[in-house]
Every structure is written in C-alpha cells, then in structure tokens.
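Heads up: the structure comes next, in structure tokens.
The values are calculated or read from the model by the stated rules, or taken from the named source; none is laboratory data. Just so you know, these numbers come straight off a predicted model, no measurement behind them. When we count neighbours, we look across all protein chains shown, and the Cβ atoms used for this are built from the backbone with ideal geometry, even at glycine.
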Ligand code: HEM
C-alpha cells in the first residue's frame, strides 16, 4: 500500500510496512501491526531505485548527523567491511528486525520513516589508497569571508545521516551504527536536529525554521524535468564524478548559527524584506500565495523593487547564479544557551547537488558578498561528502568504490 501525504508528513509518499508479507509484521510488531498510527507504520525502503534514501525523502521530525574518522591503520578492505556491516545493519533497522544484540530502545515502534544515508569525505581517499578514485567534485569547499568554522566539528572521513519521525527510533539507529563502527572508525562530531512533527499542522505544510520563516518552498521538485540532472550524478558519471558515483549526490553540511537576539530586534516587516517573503504564509513580496512563482522584476507603488536587491531569495535564486541550484533538506538545532547568553540554535543546513560547483559554492559565494540574511547568521562548521547511489541487490553502500 502506498500512503500519500498522510498524517501531515509534508507530501510524504511512504510505504506502509507490516501486515501480511510486510517485513515489520513478523518480527518486532508481532501482535498488532495494524494498530500503529500511519506515522509509525510509514517505511522508506533502503534499496529503492538508483539513490540512497534520505535525499528526496520528506524531512523527518528528528535527525542525527554524525561524522566518523578512521582509526589508525585502516585499509580499503577494512572500510569495505565497515560499509558492508553498516549497510546490513541499516537495512535491518529499517526492516525492524535487528538480528543480534538489540538493546530494544526502539522496541514497539514502527519504522517511522527511518532513513540512513552514508557518505564519504575527501580525507578518506588518501587514507585508503583510493586517491585515483576521489571525485574532483569532492575538492574542499573554498573559504567564505563570513566563515567562523570550528575544525573539530567540520569534515570527516565518513558521514551518516539518520532521519526518523520518532526520536527513539532515530537514537536507536545512531547507537547501533556507532557500535557497528567497532574499532574501525570513531565519531568525529555529531549534531542533532529536528523538524515539524507529522500531524502538528492541520494539513501538510512546508516546515518553519527557528527564525519563524516558512523554509523550503522554492526547492527543486522531483517532478521538475531537470531535477535529476541538478541533484544526482548521471548513470555514466561525469568528468568530475567517477562512475562509482552514478546515482549519487554531494551533500554540503553547514552548521549555521542564527543570531536570534539580533534578528528578534527587527520588525516583522524588516524581517520579511530580508528574505523577500511574508512570514505569515511564505508568499513572495511580489504577490500571490506561497507557491506563486517569484517575480523579481515586480515594483511596488513607489517604483521600488518589491523584492529588495539584497533579499535572500533574490541573491540565492538560480536566475542570479547562472542556474546553480540545490535541494535544501535541513534540520533545525538547539543546543541550549551559549556562553554569550543567546540560544545556541540555528540550522543544520544540508543541501544536495550533482556537483557543488553548480550548487552550493556559487550561491554561497554570492550570499557571502552581502545578502540581507547573512548578518544574522554565523557558519560554524562545514563539510562536504560524496554520497554514492543506492546499493544494488546484494550490494553494500559504496561497494563500487571499495571492492
Ligand atoms: C530560500 C532561509 C541559508 C539557499 C530561502 C527561504 C528562506 C530561507 C526562508 C525562502 C523560502 C524557500 O524557498 O525555501 C534560510 C536560512 C538560512 C539559509 C534561515 C540559514 C540559517 C541558505 C544557504 C543557501 C541558501 C547557506 C545556499 C548557499 C537558498 C535558496 C533558496 C533559499 C537557493 C531559494 C531561492 C529561490 O529560488 O527562490 N532560504 N536560508 N539558503 N535559500 Fe536559504
């Protein structure tokens, strides 16, 4: 059965597992799989088509981003063994049937749209003798003038993105995968994020960020004719992405602190000018509703541009960046109050593209030169990962690189 847009999961197209023949029915939920609410029962297949899950999957309510570094003395072979272990574990977690040593943190729960997505950082390749296969597209991101990056919370050899609509299911996956890393890799950094809970709004709506803005409206849509070309590496690879990255994508991860105390001093009208959209419903200041196309040429009654020259949506738009586009799929974060007395909160900005040079890099360069939003933000950490395509039947993630 396919569930379309149920339970407020913004446009979720999930697969309900459980019941006769469902992987979930037999093992974890022996008694009454049908009694699960649709949020809990919604599963996202681990092997489904050319791409790993967690990229076009609707944003889940809970997310963990974790980077690992290899311990000393690891080889291509031991990394292959780790990815084989991780892939098998992720598949079992998603199917609700951990074969050994389950700590039962997620006991009783359905899959809750759990996804686990694996990526490789540039530093992995020289450590494993795989330099010749390192994608050019994985070259380090350039520095930006407004960067205030913490190296300890940036980069990493391996990356795992976990998303689920249930915090216990998400934590369980994190714990199990961290244990499965064994002595091969150690956590370098971990970030925890969240989005709207499915069902929190009267109908499925675009999520809001911690500045209160509707965030995610003008993302490329899987139905766009150029979506795949913008977000995924094509079947044969490219000059900047070797064949093993076919069906893969590049994830730029930026921990972006929001300077909320300064932001809160602005009137709502000023806040709307900074973005170029209304706060109440996300509609562009050029008029219409949230989904009305933005009219960057529109002028107001005084002849001034309806969307200011430095408005975030003008500076970030593909039209201002030679067509550069990315799929933004962030989580919000809140790690308490910082030493400055302000919330340590903001966006775990994750964006996906077929090549960062035609996505994040040109757009961030332009934003960095002075969009209205940048002065309320601080980029505190940064990473870039090559996320290979989905494993074929019997394969593990990254096998085409590591075998
Ligand atoms: C649009 C917020 C960082 C790229 C938007 C919108 C909001 C927003 C509210 C309008 C609604 C939408 O279309 O989603 C933020 C916040 C950020 C942030 C709060 C940081 C905390 C970034 C960064 C980039 C970026 C770092 C890329 C380098 C874009 C793009 C759009 C957009 C491409 C769509 C523009 C269009 O074509 O209309 N952002 N953004 N944003 N943002 Fe950001």
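For the criterion of being near the ligand (Cβ under 9 Å from one of its atoms), in contact (Cβ under 8 Å) with a residue 60 or more places away in the chain, surrounded by 14 or more Cβ atoms within 10 Å (Cβ to Cβ) and part of a loop (DSSP other than H, G, I, E, B), residue 216 passes. The set of residues in region 299-316 that are in contact (Cβ under 8 Å) with a residue 60 or more places away in the chain and within 13 Å of the ligand (Cβ to nearest atom) comprises 311, 312, 313. Restricted to region 332-374, and to residues there that are closer than 14 Å to residue 315 by Cα and more than 9 Å from the ligand (Cβ to nearest atom), the residue that is surrounded by the most Cβ atoms within 10 Å (Cβ to Cβ) is 372. Going by the structure shown, is residue 325 more than 23 Å from residue 65 (Cα to Cα), modelled with pLDDT of 95 or more, surrounded by 21 or more Cβ atoms within 10 Å (Cβ to Cβ) and within 12 Å of the ligand (Cβ to nearest atom)? No, not satisfied. It is to be established whether one or more residues within region 235-247 are out of contact with any helix residue (DSSP H, G or I) (no Cβ under 6 Å at 6 or more places or on another chain) and within 14 Å of the ligand (Cβ to nearest atom). No: region 235-247 contains no residue that is out of contact with any helix residue (DSSP H, G or I) (no Cβ under 6 Å at 6 or more places or on another chain) and within 14 Å of the ligand (Cβ to nearest atom).
Conditions (1) over 22 Å from residue 140 (Cβ atoms); (2) crowded, with 21+ Cβ neighbours inside 10 Å, marked per residue:
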position	(1), (2)
187	no, no
208	yes, no
211	yes, yes
236	yes, no
258	yes, yes
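Quick check: is even one residue across region 274-281 within 13 Å of the ligand (Cβ to nearest atom), out of contact with any helix residue (DSSP H, G or I) (no Cβ under 7 Å at 6 or more places or on another chain) and either at pLDDT 95 or above or in a loop (DSSP other than H, G, I, E, B) (or both)? Yes: one or more hits. Here 92, 104 are screened, and the one residue that is in a helix (DSSP H, G or I), out of contact with any helix residue (DSSP H, G or I) (no Cβ under 7 Å at 6 or more places or on another chain) and either surrounded by fewer than 21 Cβ atoms within 10 Å (Cβ to Cβ) or without any contact (Cβ under 8 Å) to a residue 12 or more places away in the chain (or both) is 92.
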